[in-house]
Amino acid sequence: MPQRVFWCVFEGIVAVVLLLSAGGLKSLQSMVISTGLLFTIVLLVMCVAIWRGLASEPR
């Protein structure tokens, strides 16, 4: 529970700082897109790993 609270507060503070900085909403949108892109790459690697693992299983 404390870890969830920490991460919620931390993400909220990062969002507020990005909104109040010089970039405003544009910088917040850029951060979300860059974070989402990295997460997409991780998910694609996981999909390939699952595919390979299932392909190597005997029927």
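No value in this document is a laboratory result; all are computed from the given coordinates. As the structure is a computational prediction, the values presented were derived from the model and not from experiment. Quick reminder, even Gly has a Cβ in these numbers, built from the backbone with ideal geometry, and neighbours come from all protein chains shown.
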Hey, any hits in the stretch 4-19 for a residue that's part of a loop (DSSP other than H, G, I, E, B), basic (Lys, Arg) and exposed (fewer than 10 other Cβ atoms within 10 Å of the Cβ)?
no
Residue check for Leu54: of a type in the set (A, V, I, L, M, F, W, C), part of a helix (DSSP H, G or I), more than 18 Å from the chain's Cα centre (by Cα) and surrounded by fewer than 10 Cβ atoms within 10 Å (Cβ to Cβ)
yes
Any chance Gly24 is at positive phi and surrounded by 10 or more Cβ atoms within 10 Å (Cβ to Cβ)
yes
